[in-house]
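Notes to accompany the following structure.
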Amino acid sequence: MSQYDPLIDSVAARLGNGLRRLGLQVTTAESCTGGGIAEAITRVSGSSAWFETGFVTYANRSKTHWLGVPEDILETHGAVSEPVVRAMAQGALQAADADLAVAVSGVAGPDGGTPEKPVGTVWFAWAIRGKGVISHCKRMQGNRREVRAHTVLKALEGLVIEVERLAANRSSSGG
């Protein structure tokens, strides 16, 4: 059990409540977390109402095959990059026919890091149907388990922010 588990559970429940209220579907496109975000979402009872599918695309070939990430982007920028996670999020949104998507790709360690992308480097992207994509890079400390758990938490927190933004926009527009 990770120190993050209770917080992850709480944020996942908050996400589920927001998605249920808005009648929205979420999907995931995961590399370094290996399905951890989808697992956290499905820990919430009733999650089938807002989550139908997620993608674990650990290898570059899977990112291209399942999410439509162009090979040239992977070759030019590498899997742990802004263009790749943005393409992953957009590809997941389309493939799952969802309303929101989160994508993550990073170097969880203990090896695999480079001077440009040290261990703990994770790119995040959140895509909202009809609204575009938001991306962010974070450098995290800790061992592999801690980097992965913190990545799951940050991915869920970003989804909650976007769901709350969508709810506020609906309220202010009377819808």
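The values are calculated or read from the model by the stated rules, or taken from the named source; none is laboratory data. No experiment lies behind these values; they were computed from the predicted model shown. Note that each Cβ is placed from the backbone with ideal geometry, even for glycine, and that neighbours are counted across all protein chains shown.
Annotations for the structure displayed:
- Restricted to region 110-125, and to residues there that are modelled with pLDDT of 95 or more and among the small types (Gly, Ala, Ser), the residue that is surrounded by the fewest Cβ atoms within 10 Å (Cβ to Cβ) is 120.
- Total residues in region 117-136, condition among the polar types (S, T, N, Q) and over 13 Å from the mean Cα position of the chain (by Cα): 1
- Of all residues making up region 1-50, the number that are in a strand (DSSP E or B) and among the polar types (S, T, N, Q): 2
- Output for region 92-119, where each listed residue is of a type in the set (S, T, N, Q) and either touching a helix residue (DSSP H, G or I) at 6+ places or on another chain (Cβ under 6 Å) or in contact (Cβ under 8 Å) with a residue 40 or more places away in the chain (or both): 105
- Some residue of region 49-60 being surrounded by 15 or more Cβ atoms within 10 Å (Cβ to Cβ), over 19 Å from residue 150 (Cα atoms), in contact with a helix residue (DSSP H, G or I) (Cβ under 8 Å, 6 or more places away or on another chain) and in contact (Cβ under 8 Å) with a residue 60 or more places away in the chain: no
- Region 59-116: number of residues that are under 16 Å from residue 137 (Cα atoms), under 15 Å from the mean Cα position of the chain (by Cα) and outside any loop (DSSP other than H, G, I, E, B): 13
- Set side by side, the residues 146, 157 differ, and just one is of a type in the set (Asp, Glu) and either surrounded by 20 or more Cβ atoms within 10 Å (Cβ to Cβ) or over 23 Å from residue 90 (Cα atoms) (or both), which is 146.
- Set 106, 112, 34, 130: member being on the phi > 0 side of the Ramachandran plot, of a type outside the set (A, V, I, L, M) and touching a strand residue (DSSP E or B) at 6+ places or on another chain (Cβ under 9 Å): 34
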